[in-house]
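What follows is a single structure, written as structure tokens, with notes after it.
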Amino acid sequence: MLFPPQEIAYGSDLWPNIAGAWRHLLGETANPSAFLSDTWVETWIDVFGPHLRPTGLIWRDAQGSPVACALLSKARGWWGPFPITRALLNASGAGSGCEHNEVLALPAYQDGVSDDLTRRVLGSKCDEFSLVGVTERAASAIRQRWPSDSFEGHYSEAPYVPLDRLRREDTPYLSTLSANTRAQIRRSIRLYKETLGEPTVSVAESGEETGEWFSEMMSLHRERWQTKGLPGAFEGEAVRRFHALLHERCRGQERGDELAVDIVRIRFGDHTIGFLYNLAYRGRVSFYQGGLHYNEDNRRKPGLVTHTLAIDHYLQRGWNEYDFLGGEPGSVRYKRSLSTAARTLAWIQLPAPSLKMRVLQGLRHGRRRIKSAMGRSQTSS
């Protein structure tokens, strides 16, 4: 039997009141996401909570034991030029990112919790339910219960490398990739070694080292995205404060059951070719962001080489999986080239069955039809 959830309003005692149940359910969940780890969620609440004011939800069984946990927030957004209110699940809706997102729930209670959560959002007077980085299973469960089939947004491929399988089968990582990808990586490594020296893979150890490498990585990351006319992943004071606090809290934690931040530096000789910002949690290493030194010689592939050497590093140290994460519509070429498996995650918005949202959907669909007709007209002329 599933009882209505305990609701914990936002305040300084939100995380202390939900932490015990959250950690209990993390312990009962197979391969939970780094973005649902207690360290990530607590830090997100501390930094973004004052703006989003999330409500904590704890579902319990007849004996009073927690069987599911979630956070629900409301945020102002825009549907074209029109203001709307969005419901958000867990640590999403701000610049911290959130992937492999879902309600923490024991398997026997997942259907009941999905029913209750959907009813709760529909009754909250929000204009849409924004599912950010949600697992395919969780997205499907909510969409089945949503009163409309329509949605905005996209599903994204999240490729990964099952390191435990490679180790079990005693298979070198490079041998699992296509002949073309292997050739590009081997040629790049040879060119780097000939001109710069031997490769080394290092993970920042001290707080000072983490800060310095992270700052250099952000500069490279920002420089790359600015060439595309985009802001990158670390814009805004709150976002940078979130990551600084996260790094501080992860420092010195035992690797394994606790979330660890790995700032990985790849060098040839004394020259850095790339940094990776990885989240290491319960056997899974998740590539969050990176910064690369590009070269005029396009035969040198800093991204392919940086990830390849990092993957070998984690393979040798007993990690189970290297996850490239998702977010982009469709597949990303370099992620597909370097991975051997993939999952699907959802970045979708479900409109509420209200007159306001029906009108806005009609306007958007009408605009799309006009643009499509104009495109066909220009093509035919």
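With a cut-off of at least 2 residues that are touching a Gly at 6+ places or on another chain (Cβ under 9 Å) and open to solvent by 70 Å² or more (accessible area, probe 1.4 Å), name the strands (runs of 3 or more DSSP E) lying wholly within region 1-84. Lay out the reasoning, then the answer.
Working: elements: 6-8, 55-60, 66-79.
By residue number, 6-8.
Only one residue in S150, S175, S188 is under 30 Å from Q110 (Cβ atoms) and either buried (at least 16 other Cβ atoms within 10 Å of the Cβ) or hydroxyl-bearing (S, T, Y) (or both). Which one? Before the answer, list the steps.
Numbers: S175 fails: under 30 Å from Q110 (Cβ atoms); S188 fails: under 30 Å from Q110 (Cβ atoms).
Within the list S150, S175, S188, the selection yields S150.
Mind listing whichever residues of region 300-329 are assigned to a loop (DSSP other than H, G, I, E, B) and without any contact (Cβ under 8 Å) to a residue 60 or more places away in the chain?
Looking only at region 300-329, we keep the residues that are assigned to a loop (DSSP other than H, G, I, E, B), and these are 300-301, 317-320, 324-329.
If the condition is that a residue be assigned to a loop (DSSP other than H, G, I, E, B) and without any contact (Cβ under 8 Å) to a residue 60 or more places away in the chain, then R317 is the only one that fits.
Go over the candidates L122, L106 one by one and state the one that is closer than 24 Å to E28 by Cβ, at pLDDT 95 or above and either out of contact with any strand residue (DSSP E or B) (no Cβ under 7 Å at 6 or more places or on another chain) or surrounded by fewer than 19 Cβ atoms within 10 Å (Cβ to Cβ) (or both). Please lay out each step first, then the result.
Values: L122 fails: closer than 24 Å to E28 by Cβ.
The unique qualifying residue is L106.
Out of contact with any Pro (no Cβ under 8 Å at 6 or more places or on another chain), farther than 21 Å from K335 by Cβ and of a type in the set (D, E): which single residue out of E152, E169 fits that description? Spell out the reasoning first.
Numbers: E152 fails: out of contact with any Pro (no Cβ under 8 Å at 6 or more places or on another chain).
On inspection, the qualifying residue turns out to be E169.
Is it the case that region 31-45 has a residue that's more than 17 Å from G133 (Cβ to Cβ), aliphatic (A, V, I, L, M) and out of contact with any Lys or Arg (no Cβ under 6 Å at 6 or more places or on another chain)?
So far as region 31-45 goes, yes, one or more of its residues are more than 17 Å from G133 (Cβ to Cβ), aliphatic (A, V, I, L, M) and out of contact with any Lys or Arg (no Cβ under 6 Å at 6 or more places or on another chain).
Are any of the residues in region 244-262 out of contact with any Lys or Arg (no Cβ under 6 Å at 6 or more places or on another chain), part of a helix (DSSP H, G or I), open to solvent by 70 Å² or more (accessible area, probe 1.4 Å) and more than 23 Å from D323 (Cβ to Cβ)?
Checking region 244-262: at least one residue is out of contact with any Lys or Arg (no Cβ under 6 Å at 6 or more places or on another chain), part of a helix (DSSP H, G or I), open to solvent by 70 Å² or more (accessible area, probe 1.4 Å) and more than 23 Å from D323 (Cβ to Cβ).
Out of curiosity, is R265 closer than 18 Å to Y192 by Cα and not in a strand (DSSP E or B)? Before you say what the answer is, go through the steps one by one.
On the way: closer than 18 Å to Y192 by Cα: yes; not in a strand (DSSP E or B): no.
Answer is no for this residue.
Report, by residue number, each residue of region 264-299 that is closer than 13 Å to A204 by Cβ, within 16 Å of the chain's Cα centre (by Cα) and either without any contact (Cβ under 8 Å) to a residue 24 or more places away in the chain or open to solvent by 20 Å² or more (accessible area, probe 1.4 Å) (or both).
none
Regarding region 153-171, can at least one residue be identified that is farther than 24 Å from Y288 by Cα, surrounded by 14 or more Cβ atoms within 10 Å (Cβ to Cβ) and at pLDDT 95 or above? Walk me through how you get there before you give the answer.
Taking region 153-171 and keeping what is farther than 24 Å from Y288 by Cα, we get 168-171.
Filter once more, keeping what is surrounded by 14 or more Cβ atoms within 10 Å (Cβ to Cβ): none.
Among the residues of region 153-171, not one is farther than 24 Å from Y288 by Cα, surrounded by 14 or more Cβ atoms within 10 Å (Cβ to Cβ) and at pLDDT 95 or above, which makes the answer no.
Which members of region 203-221 meet the condition of being without any contact (Cβ under 8 Å) to a residue 60 or more places away in the chain and closer than 22 Å to R241 by Cβ? Don't jump to the end; show me each part of the working.
Initially, region 203-221 is screened for residues without any contact (Cβ under 8 Å) to a residue 60 or more places away in the chain, giving 205-212, 215.
Result: S206, G207, E208, E209, T210, G211, E212, S215.
The values are calculated or read from the model by the stated rules, or taken from the named source; none is laboratory data. Everything numeric here is computed off the predicted structure, so don't read it as measured data. Quick reminder, even Gly has a Cβ in these numbers, built from the backbone with ideal geometry, and neighbours come from all protein chains shown. Accessible surface is based on the protein model in full, side chains and every heavy atom, while ligands, DNA and RNA are left aside. Shrake-Rupley method; radii C 1.70, N 1.55, O 1.52, S 1.80 Å.
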